[in-house]
Amino acid sequence: MNKTFRATAICLGILLALFLKPVSAEVPQVKIRVAQYEKTLEFVMPDGGTWVSGKKSGKIQPGKLYRIDGTIKAKALRRYHLMVGSAGINKPELLNAIEKKFEAFKTHRFQAGALPSLGYPDNRIVFVGVGIFENETQACEQQNKLATDNISSWVFIENIKLATGHIKLTTGKQTLINSTSGIQLVANKFTTLKKAEFAKGYSWHGFEDRHFAEKLTINWGAEDLLDCVEHTDLEKLIIGIVPSEISAKAPPAALQAQAVAARGEMLSKKGVRHLNEGYDFCSEQHCQVYKGIQATDKAIAASIRCTRGQLMQNHEGGILDAVYGANCGGHSSANHSIWTSNPDPHLQGVSDCITQSEIDLTDEKTAANFVLSPPACWCSTANVEGADKFRWKKVLNSADWHKVEAAAAIGRIKEIGSFIREVSGRIISMKITGENGEKTILKELPIRQLLGGLRSSFFTVIWQRDPSGFITGAEFSGAGWGHGVGMCQTGAQSMALAGHKFNTILAHYYPGAKLKKLY
Ligand SMILES: [Zn+2]
Ligand SMILES: [Zn+2]
């Protein structure tokens with residue numbers, strides 16, 4: 001009896017010791033969608049490799065052109081949730097408060113994010129919605145109705161089922177496999193995907209050959225397209241992302257700050273952004289631009305090696321969603337004003353002026369002066385890439401204006417005003433009065449999009465009018481490029497040039513957040 005008891009105690013002791021031993025996290029494995037094709041794609045492996053599909057596999061000859069043809073059998077199934085708020089899974093009081101605020105609606109909860117692995121903070125999030133729709137148009141109609149009552153919301157796509165179909169791999173006239181289980185490509189060195197489409201919907205949209213070193217899987221996805229997904233680890237991905245996000249010629253401290261920010265941003269969104277789409281991130285602006293292997297990879301890898309495993313942690317020990325943008329315009333924005341999210345104490349906006357630490361850009365007159373005669377800012381330093389985005393001009397002529405009227409859909413426009421500006425000077429609410437009614441546009445992105453695709457919503461404007469007072473055109477003077485939340489990439493480069501280390505740059509843009517080494 002005694003012996004058994006002792007043996008049990010020893011076993012328990014060992015188990016307890018194992019449990020209490022600090023767990024060091026592993027480098028996270030990630031899946032990134034690197035290209036999408038309608039139904040046909042071509043690829044080459046310059047040094048050869050292997051294809052695998054189900055239990056079958058075969059060789060890919062070096063330098064030979066291969067082709068994949070897909071035939072869709074069943075389309076993907078999706079639903080559209082209209083969301084009004086969100087909170088971390090461990091914040092029930094916040095969730096209750098959001099539901100209370102929307103008690104006039106029938107609310108529902110929706111959870112995203114995967115169970116955290118050992119050593120990682122929990123990034124699971126619960127969204128609060130006010131409606132579920134079968135199609136996007138209905139969801140958007142309801143969203144517009146809410147906006148009229150000054151309620152901002154966003155449409156969250158729930159992927160219920162991915163598309164299915166056949167995928168055929170051929171080379172020349174030879175068919176290697178025709179299967180319904182997708183195809184894996186494992187290259188000895190890398191795979192070149194021919195004519196990969198990028199930046200769909202942007203002015204720099206195009207096609208180019210892109211090279212990927214890690215395993216690729218090709219299968220039907222959530223958008224009824226062939227998704228090419230690279231399976232890699234976060235450190236390799238960061239090396240590829242940094243030169244796409246910030247100039248590879250940027251000083252090392254700026255590259256290092258960018259690496260730390262990107263690592264945290266990706267980990268906080270892993271399992272949330274592209275829930276049930278078969279991958280964690282896309283390689284576009286929506287997540288983070290990633291073009292695969294680039295000429296600068298080796299130099300970047302050496303520059304950012306010292307930041308391996310490091311990210312920004314928030315005051316509660318969770319991962320900070322360390323977002324960033326091209327150029328803040330002189331002051332960064334507050335996260336909850338730009339997106340429908342809870343205020344993050346580390347993302348409330350800071351002055352990027354070199355000598356002025358406080359300025360009230362919510363005031364219309366101060367904001368206009370700041371746009372037209374700005375003080376010296378980190379992101380206005382002339383010798384830094386991106387400084388040309390600090391101030392901009394845009395003119396909408398009468399043809400451009402007809403497009404604005406068509407999008408606003410309330411006839412000829414008499415007045416645009418009642419601007420509400422958030423801390424960075426960006427307009428987050430404006431009222432449009434047309435001959436057929438009134439409309440309130442909330443949030444900076446819809447405002448920029450409606451007014452002909454402005455670089456930011458931090459602007460002053462002179463309206464052109466016809467004799468009866470209707471607006472016929474506009475001259476914008478603007479500041480900054482993008483949402484302005486978090487790190488200003490232009491400012492980061494200029495701080496690095498002035499001799500600041502990456503941790504100082506991060507502390508400036510994410511005040512109060514701590515640098516943490518996860519692995
Ligand atoms: Zn994405
Ligand atoms: Zn800036």
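The values are calculated or read from the model by the stated rules, or taken from the named source; none is laboratory data. Everything quoted here is computed from the prediction, not taken from an experiment. Backbone-built Cβ (ideal geometry, glycine too); neighbour counts: all protein chains shown. The protein model used for the area step is the full one, side chains on, heavy atoms only, and it has no ligands, DNA or RNA in it. Shrake-Rupley method; radii C 1.70, N 1.55, O 1.52, S 1.80 Å.
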(request) Among the numbered conditions (1) more than 21 Å from the chain's Cα centre (by Cα); (2) within 18 Å of residue 409 (Cα to Cα); (3) surrounded by fewer than 17 Cβ atoms within 10 Å (Cβ to Cβ), tell me where residue 471 comes up short. (result) (3)
(message) Exactly one of these conditions fails for residue 339: (1) under 29 Å from residue 497 (Cα atoms); (2) surrounded by fewer than 24 Cβ atoms within 10 Å (Cβ to Cβ); (3) within 16 Å of ligand 1 (Cβ to nearest atom). Give me its number.
(response) (1)
(request) Count, please, the residues in region 64-73 that happen to be closer than 16 Å to residue 174 by Cα and open to solvent by 20 Å² or more (accessible area, probe 1.4 Å). (result) 4
(message) Here's a check for you: in region 294-331, which residue that is assigned to a loop (DSSP other than H, G, I, E, B) and within 16 Å of ligand 2 (Cβ to nearest atom) is most open to solvent (accessible area, probe 1.4 Å)?
(response) 326
(request) May I ask you to verify whether residue 414 is surrounded by fewer than 19 Cβ atoms within 10 Å (Cβ to Cβ), more than 26 Å from residue 382 (Cβ to Cβ) and charged (D, E, K, R)? (result) yes
(request) Among the residues of region 242-272, count how many are within 11 Å of ligand 1 (Cβ to nearest atom) and touching a helix residue (DSSP H, G or I) at 6+ places or on another chain (Cβ under 9 Å). (result) 1
(request) Being within 15 Å of ligand 1 (Cβ to nearest atom), among the hydrophobic types (A, V, I, L, M, F, W, C) and open to solvent by 10 Å² or more (accessible area, probe 1.4 Å) is the filter; apply it to region 273-293 and report the residue that is farthest from residue 507 (Cα to Cα). (result) 275
(request) Would you tally the residues in region 385-399 being away from ligand 2 (no atom under 16 Å from the Cβ) and either crowded, with 16+ Cβ neighbours inside 10 Å or polar (S, T, N, Q) (or both)? (result) 4
(message) Exactly one of these conditions fails for residue 356: (1) farther than 15 Å from residue 458 by Cβ; (2) touching a residue at least 60 places away in the same chain (Cβ under 8 Å). Give me its number.
(response) (2)
